[in-house]
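Asker: Please read through the structure below; I'll follow up with questions.
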Amino acid sequence: MSASAIEPISFTLYSKDFARFAQELGASFERYGFAVLSEYDLPQDRIDAAISDTKAFFALPVETKKQYAGVKGGARGYIPFGVETAKGATHYDLKEFWHMGRDLPPGHRFRATMADNVWPAEIPAFKHDVSWLYNALDSMGGKVLEAIATYLKLDREFFKPTVENGNSVLRLLHYPPIPQDATGVRAGAHGDINTITLLLGAEEGGLELLDRNGEWLPINPPPGCIVINIGDMLERLTNHVLPSTIHRVQNPPPERRHLPRYSTPFFLHFASDYEIKTLPNCVTEENPDRYPEPITADEFLQQRLREIKLA
């Protein structure tokens, strides 16, 4: 695995020196669209349990997994191999995945855009372990947004109401071993749709970001790190002050093609009815407002999902 291009920032700064935490995190986002957090406070045994359940699910027969596909009304359940295709790509991505979203009570105003979760009966602990991971990453994302707000000279709690009951999704990803005659790559070059993404480190490398000079940089942090990147919604809100950087997952070298890759990105979203309207303090003479027409988070999401064949 090649070295990582981005130096990790210790999450211990969140409580010890929040101003420095916000400055270092924000500067990394402004420069790369990515940041890496080390020394996070999530119990590793709980993370391992969720990953173990994930591996057990993907080891099930294809026909069993397909029972949980095609959930109507939102990103939930199983998405089979050969579906998602990066915008503008010829070949589909070499992956299959599972989606979990937020549970909402009956009658909630977002029920129309956020479906009920489904759970694989074959893995008894799946719901318990994966729900914990969803909530842990949702909470961590809120702390990262506090730092981003501070870096942007907004109130520290600015983003809290914008993401309350947000349409956030945990994706459990399985990239199977790659046959010699495979076309396409594990994940084609793309930008994320959402507000921010939090990604727990994968055992296998391959994640790369496209730097502003056109060079692909490896993002392979040491174990015990979370990779975080800015999504298109936040790029739009900040008028590109914080960029949503194109990234991909490259195929491994021949000697590692027989190994699968698992990862767990958490796509943190704004609330469905949140109006994405350019922040005034992100508009200057040198950086005029690129988006004079606001758009709701759900309108933006549906538009983008159609482009990548997930809607």
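Asker: If I stretch the segment between K277 and R31 completely, what's the gain in nm (0.36 nm per residue apart, minus their alpha carbon distance), one decimal?
Answerer: Answer, rounded to one decimal: 86.3 nm.
Asker: Considering only Cα-Cα distances, which of the following residue pairs are longer than 22 Å: K127/K160; K55/K160; K16/K143; K55/K143?
Answerer: K127/K160; K55/K160; K55/K143
Asker: Put a dot 7 Å past each Cα toward the Cβ at K55 and L210; how far apart are the dots in nm?
Answerer: Once both label points are built, they end up 3.4 nm from each other.
Asker: Restricting attention to the alpha-carbon atoms of the range 1-60, what are Rg (one decimal) and Dmax (integer), both in Å?
Answerer: In order Rg, Dmax, the Cα atoms of the range 1-60 give 15.5, 47 Å.
Asker: Which values of log₁₀ I(q)/I(0), to two decimal places, follow from the Debye formula for the range 9-308 at q = 0.10, 0.11, 0.13 Å⁻¹ with a uniform point scatterer at every Cα?
Answerer: -0.54, -0.66, -0.94
Asker: Suppose R0 equals 51 Å. What FRET efficiency, 1/(1 + (r/R0)^6) with r the Cβ-Cβ distance, do V62 and T12 give to the nearest 0.05?
Answerer: Approximately 0.70, to the nearest 0.05.
Asker: Could you tally the net charge around D41, taking each other residue with its Cβ under 13 Å from the Cβ of D41, Lys/Arg +1 and Asp/Glu -1?
Answerer: +2
Here, each number is a calculation from the coordinates, and none is a lab measurement. This structure is a prediction, so every number in the text was calculated from the model and none was measured. All Cβ positions, glycine included, derive from the backbone under ideal geometry; neighbour counts span all protein chains shown.
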